[in-house]
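J.: Mind looking over this structure? Questions follow.
The values are calculated or read from the model by the stated rules, or taken from the named source; none is laboratory data. Please read these numbers as outputs of a predicted model, since none were measured by experiment. Because the Cβ atoms are built from the backbone with ideal geometry, glycine has one as well, and the counts that use them run over all protein chains shown. These accessible areas exclude ligands, DNA and RNA; they are computed on the full protein's heavy atoms, side chains included. Shrake-Rupley method; radii C 1.70, N 1.55, O 1.52, S 1.80 Å.
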Amino acid sequence: MANPLYGQNKADTDMNLYGRGKCEIISVAAGDHTSLTAEQSGAFVVMAPNSTEITLPVAAAGLQFTIAQSGPYATAVCLVIQGAAGDDFKGAVYGTTQGESAATDSDFAELDASNTKITFSSASLTADRVYLVCDGTYWYVEAIVGNTAGITFDD
């Protein structure tokens, strides 16, 4: 007698075996000003260069976003802005300085907790990105850059 469920075991899908699933992709066009919501937590935000602004939701424990720039700096910086006055950033910028000397250049720059916005500067490159996780008070940031001057943190 044949097994009628042969090849139909729904628990064996790739997502169930490995925990892989789809995340929301949010595209933000150049020059657009977009406010993210708490319901969009976990999204991968693709931000076009040139005067794009993304405002985070008000700090809440467990929120997380990844925001990446889709091309190199064009003509104006892009910003990631806190959702409320006390929602400051803590973390670091990791990357390289183009043409760096491994013996003399630092690949790490630490943030100050009083920073209120993240700037993708004139040195920003394609795929420069920030990963943000919130504990309810602060946004903890890992910024990955191709040029350490590509992302700055400002008041």
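J.: Does V46 satisfy the condition of being under 12 Å from the mean Cα position of the chain (by Cα) and open to solvent by 20 Å² or more (accessible area, probe 1.4 Å)?
T.: yes
J.: Now, a different point. Report yes if V80 is closer than 12 Å to T119 by Cβ and within 12 Å of the chain's Cα centre (by Cα), otherwise no.
T.: yes
J.: A further question follows. May I ask you to list pairs of residues, at least six apart or on different chains, whose Cβ atoms are under 7 Å apart, with the first in region 21-41 being free of Cβ contacts under 8 Å to residues at least 60 places away in the same chain and within 16 Å of I81 (Cα to Cα) and the second being among the polar types (S, T, N, Q) and surrounded by fewer than 14 Cβ atoms within 10 Å (Cβ to Cβ)?
T.: Qualifying pairs under 7 Å: S41/Q64.
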